[in-house]
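Computed from the coordinates by the stated procedures, all read-outs in this text should not be read as laboratory data. Keep in mind it's a predicted model, so treat the numbers as computed, not measured. All Cβ positions, glycine included, derive from the backbone under ideal geometry; neighbour counts span all protein chains shown.
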Amino acid sequence: MSLLEIRQLKKSFGDLQVIKNISLKVQQGEVVAIIGPSGSGKSTLLRCATMLESIDAGDILYLGESAFKTDQEGKPHKVTGAELKKIRSYFGLVFQDFNLFPHFSVMKNVTDALIHTQNKSKEEAYDIGRKLLTKMGLSEKENAFPFQLSGGQQQRVSIARALALNPKVLFFDEPTSALDPELTSEVLKVIKSLAKEHMTMVIVTHEMNFAKEVANHVIFMDEGIIAEEGTPEEVFGNPKSDRTKAFIKGYH
Amino acid sequence: MDLLTLLSNLSDGMIVSIQIFALTLVLSLPLGLIVALGRMSKNPILRNFVKVYISFMRGTPLMLQLMVVYFGPYYILGLSMPRGYRFYAVIIGFALNYAAYFAEIYRGGIESMSVGQYEAAKILGYSKMQTFFRIIMPQVIRRIIPSITNEVITLVKDTSLAYVISVTEMFTVARAVASAQANMMPYVAAGVFYYVFNFVVATVMEKIENKLSYYR
Ligand SMILES: Nc1ncnc2c1ncn2[C@@H]1O[C@H](COP(=O)(O)OP(=O)(O)OP(=O)(O)O)[C@@H](O)[C@H]1O
Ligand SMILES: [Mg+2]
């Protein structure tokens, strides 16, 4: 069974159909990179998958469990209550602009949800937090506040915060595009190390070399559809559609 | 009359002033938050009702509102209120009035929060309540403290308005003593009292503001 399956997803904002008809599957341990021009619907796709947006049609399933229930008119509605909580526990999301909690220390950013949404004890949560911060190269910073960190450090804290809840799949929406170029590599390095540990990840990115290196599967989105997909070798090395060719060429 | 007698005459009034101040804050700060939530409600009836309420409270003199609360039950409803109602009327009037001002301050603070904070909390599994009280409100309070300070300082001076329904707070007493003795001293003492009171309030608020300034 796929860890994540998206079936015939459609999503409009008013008259603008942003996701036209997208189906995809993500297997356990897979790293999927989503590339495509600005406005093609990449963020919207992630926001639908993480239930930050409602959807107009289709279904999203985590481990075969549907995150939406379709009513008589065929309109999908988010599941609620305990079901919603369970589905949410399957995924994490790393935002482009981090969205750390500025009033919490680094350690509290990472552990607060563990303590207050998963009822872990403070000791247990801090153990998890310390391990993750060490892994992110931030063990010195546990008592710092987000404003005292560089963008790259803040993004690593937000990755630790997402990992603390032990999600089965982690989504990234352009995790480095709010960063100065010299800070990008430290974040990409962390994501690469997660890929080595077979963390399942879906990453929207404009970093083509990174996508090529880290992904098992690349999806090229254009105007709300998947215009092309395949292994990095296929999509980057031998793209079939002209749109893909033109897009990739624009990055060299 | 020597200073000591004067002060002891005024001290009862001082205590009443401080009571009005403290009770108003204790009631209007939470009430203001509830009013703010009503003002931002998705329900248009509630939202507009609260909007009108706020507009009346801010658009008419507090002095007039105190009189309505005090005389209203008798003149409008024909109810004769118990003797101690005078003081309660002041507290009710002040609390309702200040809640409206605080509500708009809360609303400004809450609306200034980025959606990213809500979305991050949602993804991390916080409930709506937890998001509001753990993530949103602590940041809102930090942002609105300077505006709250302004209102609190105004409140210290506004307590003197209770004289319109003859509640014997500081200013009422000072006026009575001054006219009985044809002497300015009580007014001077009252002025000193309000100034010192406000000085203490401003110092406390500054302490709170500094305490909350550990992050940016
Ligand atoms: N909440 C919204 N309301 C209205 N339109 C929206 C909303 N969110 C996105 N859109 C529109 O949907 C389209 C797709 O946006 P989306 O953010 O998904 O693109 P993207 O592929 O992530 O682009 P980028 O690479 O610039 O991040 C855009 O035209 C955008 O203006
Ligand atoms: Mg985007």
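A Förster distance of 25 Å, applied to the separation of the beta-carbon atoms of A:H206 and A:D97, puts the FRET efficiency at 0.95. Sorted fewest first by neighbouring Cβ atoms within 10 angstrom, B:T131, B:T159 come out as B:T131, B:T159.
Residues whose amide H lies under 5 Å from that of A:D222, counting only those 5 or more places away or on a different chain, are A:A227; hydrogens are built 1.01 Å from N in the peptide plane.
Using Cβ contacts closer than 10 Å as the measure, can you line up A:L179, B:L66 from fewest to most?
A:L179, B:L66
Phi angles of segment A:212-222 translate, via the Karplus equation with coefficients 6.51, -1.76, 1.60 and θ = phi - 60°, into HN-Hα couplings of 4, 6, 9, 8, 8, 9, 10, 10, 9, 9, 8 Hz per residue; Gly and Pro are given as x. Which of A:K212/A:K249; A:K108/B:K211; A:K131/B:K211 have a Cα-Cα distance over 23 Å? Table pairs above 23 Å Cα-Cα are A:K131/B:K211.
Between the amide H of A:K78 and those of A:K69, distances stay under 5 Å, these residues lying 5 or more places away or on another chain, with hydrogens modeled in the peptide plane.
Straight-line cross-link partners of B:K128 among the aspartates and glutamates, defined as a Cα under 14 Å from its Cα and at least 8 positions apart when in the same chain: B:E119. Amide H contacts under 5 Å for A:F171: A:G92, A:L93, A:V94, A:V202, restricted to partners 5 or more places along the chain or on a different chain, H placed in the peptide plane at 1.01 Å from N. Here the label points at A:D15 and B:F49, each 7 Å from Cα along the C-beta direction, are separated by 3.9 nm in the simple model. Other residues within the sphere of radius under 12 Å centred on the Cβ of A:K86, judged by their own Cβ, net out at +1 (K and R +1, D and E -1). Computed from phi, the 3J(HN,Hα) profile of segment B:6-19 under the Karplus parametrisation 6.51, -1.76, 1.60 (θ = phi - 60°) reads 4, 4, 5, 5, 7, 5, 4, x, 4, 4, 5, 4, 5, 4 Hz, with x in place of Gly and Pro.
Does segment A:147-252 classify as rounded, prolate or oblate by the C-alpha gyration tensor (a ≥ b ≥ c root eigenvalues; a/c under 1.5 gives rounded; else a/b over b/c gives prolate, otherwise oblate)? Prolate, since a/c reaches 1.5 and a/b exceeds b/c. Cross-link pairs exceeding 18 Å in C-alpha to C-alpha distance, out of A:K10/A:K42; A:K42/A:K240; A:K85/B:K122; A:K11/A:K75, comprise A:K42/A:K240.
Note that segment A:116-128 has calculated 3J(HN,Hα) couplings of 9, 10, 10, 6, 7, 6, 4, 4, 4, 4, 5, 4, 4 Hz, one per residue in order, obtained from phi through the Karplus relation 6.51 cos²θ - 1.76 cosθ + 1.60 (θ = phi - 60°); glycine and proline are x. With contacts taken as Cα pairs under 8 Å at a separation of at least 6 residues, segment A:98-162 carries a relative contact order of 50 percent.
Let me have the relative contact order for segment B:28-105, percent, based on Cα pairs under 8 Å that are six or more residues apart. Worked out over segment B:28-105, it gives 51 percent. Dipole orientation for chain B: of the candidates B:M67, B:S166, B:M184, B:M67 has the Cα lying most toward the positive pole (charges on Cβ; Lys, Arg +1; Asp, Glu -1). The ranking of B:L29, B:L10 from fewest to most other beta carbons within 10 Å of each one's beta carbon is B:L29, B:L10.
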